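Please read the structure below before turning to the comments.
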Amino acid sequence: MFAEWVRDFEDAADRRRDTGDPDFARRAVMAPEVVASVRRFQVGESGDGANLIAKAGDAGDDDYARAVRMFVAEERDHARMLALLLGAAGRDTIAGHWSDAVFVRLRRVLGLRMELMVLLIAEVVALGYYRALRDGADDPLVAEVAGRILDDERRHVPFHCLRLRGDLPRTVRGPWRVLLLGALAVVCLDHGPALRRLGVTRRAFAAEVIGHFDAAVAAVHDPAHDLLPVSA
């Protein structure tokens, strides 16, 4: 089932090698509010993924475990590109942020299923965030980096949905949605100034993320929904 996802991650890695990095030698221009926001997302993307990799290894599916390792590698590459983007803007990264620390602890509370449920929330938030950054940035380097990351996040959502399929009773939909709304409130409060600078209201951002979440949950519970890689 996950062999196709292994090939998808391998194909994506090949495309990155063939395309190369954006031209980080160019100077990027970001408003202070956007710099602060990107710094926090960079922290979120920079986790080592060891806990998720270990749980995936215990799941008994070698293809899935391999795909998870490549997923983590993509997330680390996002962190690397965001760090280089900040450098192109003459800004440094930060060592950590309280919201990311809370998120990581929550992911690690229980087993693989709980970690993926929390992780999927982060992925649908990322869909809204990187879309806003891509479309609202006046700087071409910022828009390019955000667009590349957004393309990856669009692949990550069905990947996680597939692993949760058949392992998630419908009774968790309510509590899962409450968890999403709590996380979304924190993101809207923390990143509101940046979103406003990018031309997106908190209300519009929240509506977009909730729409992505509802679509993902529906895909998890609908076996007729195609969760194969986009490139398959």
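One table, with the values for the structure above:
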quantity	calculated
Some residue of segment 77-97 being in a helix (DSSP H, G or I), at pLDDT below 95 and open to solvent by 30 Å² or more (accessible area, probe 1.4 Å)	no
Cβ-Cβ under 8 Å pairs, at least 6 apart or on other chains, segment 175-197 side closer than 15 Å to Ala207 by Cα, far side open to solvent by 40 Å² or more (accessible area, probe 1.4 Å) and not in a helix (DSSP H, G or I)	Leu195/Thr201
Segment 11-58, subset open to solvent by less than 60 Å² (accessible area, probe 1.4 Å) and among the charged types (D, E, K, R), residue modelled with the lowest pLDDT	Glu45
Matching residues, segment 1-10, being part of a helix (DSSP H, G or I), open to solvent by 20 Å² or more (accessible area, probe 1.4 Å) and among the aliphatic types (A, V, I, L, M)	Ala3
Residue in segment 100-116 that is modelled with the lowest pLDDT, counting only those that are open to solvent by 20 Å² or more (accessible area, probe 1.4 Å), within 19 Å of Cys161 (Cβ to Cβ) and assigned to a helix (DSSP H, G or I)	Arg107
Failed item in (1) under 14 Å from the mean Cα position of the chain (by Cα); (2) in contact (Cβ under 8 Å) with a residue 24 or more places away in the chain, with Leu141 passing the rest	(1)
Subset of segment 164-177 [more than 12 Å from Asp214 (Cα to Cα) and in a helix (DSSP H, G or I)]	Leu164, Arg170, Thr171, Val172, Pro175
Residue match in segment 149-167 (condition: open to solvent by less than 40 Å² (accessible area, probe 1.4 Å) and free of Cβ contacts under 8 Å to residues at least 40 places away in the same chain)	yes
Meets criteria (modelled with pLDDT under 95, in a helix (DSSP H, G or I) and touching a helix residue (DSSP H, G or I) at 6+ places or on another chain (Cβ under 8 Å)) for Ala206	no
Options Ala218, Ala185, Ala224; residue that is assigned to a loop (DSSP other than H, G, I, E, B) and open to solvent by 30 Å² or more (accessible area, probe 1.4 Å)	Ala224
Meets criteria (surrounded by fewer than 18 Cβ atoms within 10 Å (Cβ to Cβ) and at negative phi) for Ala65	no
Positions within segment 15-70 being of a type in the set (Phe, Trp, Tyr) and closer than 21 Å to Tyr130 by Cα, in sequence order	Phe24, Phe41
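The values are calculated or read from the model by the stated rules, or taken from the named source; none is laboratory data. These figures come from a predicted structure and were not determined experimentally. Note that each Cβ is placed from the backbone with ideal geometry, even for glycine, and that neighbours are counted across all protein chains shown. We work out accessible area using only protein heavy atoms, side chains counted, and drop any ligands, DNA or RNA first. Shrake-Rupley method; radii C 1.70, N 1.55, O 1.52, S 1.80 Å.
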